[in-house]
Amino acid sequence: MKHRKALLAIIGVVAVAIVGWLIYRAYVPPREEVIKIGAILPLTGAAAEFGHYNLQTTRLAIEEFEKKYSLSIRLYVEDSKSSPKEAVSAYRKMTSLDEGIQIISCELSSVCMAIAPMVERDGRFMMAIAATPRLNEFPNILRIYPIATVEAAAFAEAIAKLGSQRILSKVVILYINDEFGVSTAEATQSELSNLGIKEIRKESYASGSDIRSIVLKHRDCDAVVLVGYGKEMGLIIREFRNYNKTALIIASPEIAFVDPLSLIALPDPNLFYLDLPDPKPEIVSLYRRRLARSPNLVDLLVWDGVHILVSSALSIRGQGKSVDTQAIRSRIAGTRFDLSVGPTQVDNSGNVLYRLTLRDSKTLEALLTNFRSSNVR
């Protein structure tokens, strides 16, 4: 009898424990999974201007999305020093501190290409800002920049439109000598060849190049397509204007930063550039309210990248799945997202298919004023 009472008591205790556990599970949500992002950015070196805008927007976006969606996002930051070698060291250091980092954010073609094999090997996902199309060799990549063929088509469309009132017999493509510049220049040359232009030239430049010698060889051209980034863009435009004030100059979106803009005379009626479409008013309002400035190209690219990853993570969790590399890739590929510039498709290779628009130098003049009134570095 005693044994029976003891057994019934044990059963009662177990039953109470089970009921208590079920009630706890029903009313107390499970501990939220933390999304861990490692940012390897050019905070020093040749591309430091881009890196500081990237970091500022990454922090802003994480803060806004955490608040809006009740998420927990942990950010780790290392300086690539604008160098592939330093980026590799930064990646190893970062991932040794926390092996649970799921997403690597990086910027610059050479840097992203250097660490992409390690990211792939370790089963992580990469968000690559303004980087080479060669990253499409790796499946777990979100590449956030207009693809080379889109940029080339936009250059050709601009030449056709702006050249309709004048004769363009000689056009030169001056491009930065890296993965980004080479791929864009080759695609642009192919597009321009369909316009019936008599002579299409192409020449590369790099940091430290003799800009004057390059310009002197092409000063007789009717139009210049300028592909690149950094102060060299400004040096080329300034030097070219010393010899030819009427030629069309159409630059890639990276002209719209303080380093090149501070070197040229604005406004210039024959200077134009490609850019993303206007961002949504609420994005502009957020930047003016929080950062006392308007968003620039890097800001919009980074904001969109974080938005894509966060919205994908929410969707994956909503299906009761773990936010891993495979799930992120499957969710992103071929999906249309409502980004800073409106609805935009991501193709099956992970490229964000931005459109580009043509702007004149009056916009650049306003941007320079905006840059000078802000303090990012």
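Please treat every number below as a calculation from the coordinates, not as lab data. Note that the coordinates shown come from a computational prediction; the quantities given were computed from them, not determined experimentally. All Cβ positions, glycine included, derive from the backbone under ideal geometry; neighbour counts span all protein chains shown.
In whole Hz and in residue order, list the ³J(HN,Hα) couplings for segment 319-329 that follow from phi through the Karplus curve 6.51 cos²θ - 1.76 cosθ + 1.60, θ = phi - 60°; x for Gly and Pro.
Going residue by residue, I get 8, x, 9, 7, 7, 10, 4, 4, 5, 4, 4 Hz, with x marking Gly and Pro.
What's the Cα-based Rg to Rh of segment 229-326, Rh via Kirkwood? Mind dumping the intermediate values first?
Details: Rg = 19.2 Å, Rh = 16.4 Å.
Rounded to two decimals, Rg/Rh equals 1.17.
As I understand it, the value is the acute angle between the Cα axis of helix 109-121 and the longest principal axis of the Cα atoms of the chain; what does it come to in degrees, rounded to 10?
Between the helix axis and the principal axis of the chain, the angle is about 30 degrees.
Given the options ILE250, ILE173, ILE283, which has the most mean-square fluctuation in a GNM of the chain, springs set between C-alpha atoms less than 10 angstrom apart?
Sorting by GNM fluctuation, first place goes to ILE283.
Taking P(r) over Cα pairs in 10 Å bins from 0, in percent straight from the coordinates, which label in [x] 5, 20, 24, 23, 17, 9, 2, 0; [y] 5, 20, 23, 19, 15, 11, 5, 1, 0; [z] 5, 22, 29, 21, 11, 5, 3, 2, 1, 1, 0, 0 is the correct one?
Computed from the coordinates, P(r) over Cα pairs in 10 Å bins from 0, in percent corresponds to [z].
Can you give me the pair-distance distribution of segment 219-261, C-alpha pairs, 5 Å bins, whole percents?
Per 5 Å bin, starting at 0, the Cα pair percentages come out as 6, 26, 34, 22, 11, 1.
What 222 nm value per residue comes from the helices of the chain, counting each DSSP H run with n ≥ 4 as -39,500 (n - 2.57) and dividing by all residues, nearest 500 deg cm²/dmol? Each step should come with its number before you reach the end.
Working: 13 runs with 183 residues, N = 377.
Using -39500 (n - 2.57) per qualifying helix, the result is -15500 deg cm²/dmol.
Would you work out the relative contact order for segment 274-371, in percent, from Cα pairs under 8 angstrom that are 6 or more residues apart? Display every interim value, and only then the final one.
Numbers: 92 pairs, mean separation 32.4, N = 98.
Once normalised by length, the contact order is 33 percent.
If you place +1 on the Cβ of every Lys and Arg and -1 on the Cβ of every Asp and Glu, how big does the dipole about the Cα centre of segment 226-319 come out, in debye to the nearest 20?
Details: 10 positive and 10 negative charges, 61 e Å.
The dipole magnitude comes to about 300 debye.
With a 10 Å cut-off between alpha carbons and a GNM built on the chain, which of THR335, THR188, THR58 moves the most?
Checking each option, the largest mean-square fluctuation is seen for THR335.
What angle, in degrees between 0 and 90 and rounded to the nearest 10, separates the Cα long axis of helix 231-243 from the longest principal axis of the Cα atoms of the chain?
Result, in degrees: 20.
Each residue of segment 171-184 in turn: what ³J(HN,Hα) in whole Hz from Karplus with 6.51, -1.76, 1.60 and θ = phi - 60°, glycine and Pro shown as x?
Karplus values, whole Hz, x for Gly and Pro: 10, 10, 9, 9, 9, 5, 8, 8, 4, 4, x, 5, 5, 5.
Calculate the dipole size of segment 68-142 relative to its Cα centre from +1 charges on Lys and Arg beta carbons and -1 charges on Asp and Glu beta carbons; express the result in debye to the nearest 20.
Details: 9 positive and 9 negative charges, 12 e Å.
The dipole magnitude comes to about 60 debye.
What do you get for the angle between helix 297-318 and the principal long axis of the chain? Use alpha-carbon atoms, 0 to 90 degrees, nearest ten.
30
Determine ³J(HN,Hα), in whole Hz, for all residues of segment 269-276 in sequence, where each value follows from phi through the Karplus function 6.51 cos²θ - 1.76 cosθ + 1.60 and θ = phi - 60°; x replaces Gly and Pro.
Each residue of segment 269-276 in turn: x, 10, 10, 9, 8, 8, 8, 5 Hz.
Place +1 on the Cβ of every Lys and Arg and -1 on the Cβ of every Asp and Glu in segment 137-196, take the dipole about the Cα centre, and give the residue among LEU142, PHE180, ALA153 whose Cα lies farthest towards its positive end.
ALA153
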